[in-house]
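Chemist: Supplied in structure tokens, the structure appears directly below.
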Amino acid sequence: MAEVECIFCRIVRGEAEAYTVYKGNGVTVFLDRYPASKGHVLVVPDEHYESVHTAPPRVAAKVWLAASAIARYYREKAGAPAVNVLTNSGRYAGQIIFHFHVHVIPRWGPPRSFWGDRHEITPREAKEVLEMLQGVGKLVETYLSELGLRVD
């Protein structure tokens, strides 16, 4: 898929709507439009790479570090008892959008299935999650700066 047609590239450029949690240092974090649980976010590099296997190591490291910071925030600050951090690489692995991204899915209780009861996010739910994640940007920046991965 060409970068111009990629929905995640359009979100990063501000051409498509999304509930953005964090943007900086070559990484954008936004709420999944069809969350598997409340607070499900996607961490994407600002540059277009098809998946984790095509992203340069420095880009992959930034995305995984940001995802790790968000997972920590969910566990320690938001009180999530568990968090999934994962990516899909290729159609047979379940990848639907071919722009490298990492899912961070807080688990508030046992899901009925891995992907849970996916639904289209509502403005009310988005507002609640954005409020819950108000301090996450600072933690993401701390994680990235500790390894000298700042690019802005």
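The values are calculated or read from the model by the stated rules, or taken from the named source; none is laboratory data. All values reported here derive from a predicted model rather than from experimental measurement. Glycine gets a Cβ as well: all are built from the backbone with ideal geometry, and neighbour counts include every protein chain shown. Keep in mind that these areas ignore ligands, DNA and RNA; they rest on the heavy atoms of the full protein, side chains included. Shrake-Rupley method; radii C 1.70, N 1.55, O 1.52, S 1.80 Å.
Chemist: Could you say whether any residue in region 25-35 is out of contact with any helix residue (DSSP H, G or I) (no Cβ under 7 Å at 6 or more places or on another chain), closer than 18 Å to residue 71 by Cβ and either of a type in the set (Asp, Glu) or open to solvent by less than 10 Å² (accessible area, probe 1.4 Å) (or both)?
Modeler: yes
Chemist: If you go through region 63-73 one residue at a time, do you hit one that is outside any strand (DSSP E or B), modelled with pLDDT of 95 or more, open to solvent by 20 Å² or more (accessible area, probe 1.4 Å) and in contact with a Gly (Cβ under 8 Å, 6 or more places away or on another chain)?
Modeler: There is at least one residue in region 63-73 that is outside any strand (DSSP E or B), modelled with pLDDT of 95 or more, open to solvent by 20 Å² or more (accessible area, probe 1.4 Å) and in contact with a Gly (Cβ under 8 Å, 6 or more places away or on another chain).
Chemist: Taking residue 144, is it under 13 Å from residue 21 (Cβ atoms) and open to solvent by less than 50 Å² (accessible area, probe 1.4 Å)?
Modeler: no
Chemist: Exactly one of these conditions fails for residue 22: (1) among the aromatic types (Phe, Trp, Tyr); (2) touching a His at 6+ places or on another chain (Cβ under 7 Å); (3) open to solvent by less than 30 Å² (accessible area, probe 1.4 Å). Give me its number.
Modeler: Condition not satisfied by residue 22: (2).
Chemist: Sticking with this one: Quick check, is residue 59 assigned to a helix (DSSP H, G or I) and open to solvent by 10 Å² or more (accessible area, probe 1.4 Å)?
Modeler: Spelling it out, residue 59 is indeed assigned to a helix (DSSP H, G or I) and open to solvent by 10 Å² or more (accessible area, probe 1.4 Å).
Chemist: Among 90, 94, which is the only one that is free of Cβ contacts under 8 Å to residues at least 24 places away in the same chain and either more than 24 Å from residue 142 (Cα to Cα) or within 13 Å of the chain's Cα centre (by Cα) (or both)?
Modeler: Exactly one of 90, 94 is free of Cβ contacts under 8 Å to residues at least 24 places away in the same chain and either more than 24 Å from residue 142 (Cα to Cα) or within 13 Å of the chain's Cα centre (by Cα) (or both), namely 94.
Yes/no per residue for (1) surrounded by fewer than 19 Cβ atoms within 10 Å (Cβ to Cβ); (2) closer than 19 Å to residue 21 by Cα; (3) more than 17 Å from the chain's Cα centre (by Cα):
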residue	(1), (2), (3)
37	no, yes, no
75	yes, yes, no
86	yes, yes, no
104	no, yes, no
108	yes, no, yes
125	yes, yes, no
132	no, yes, no
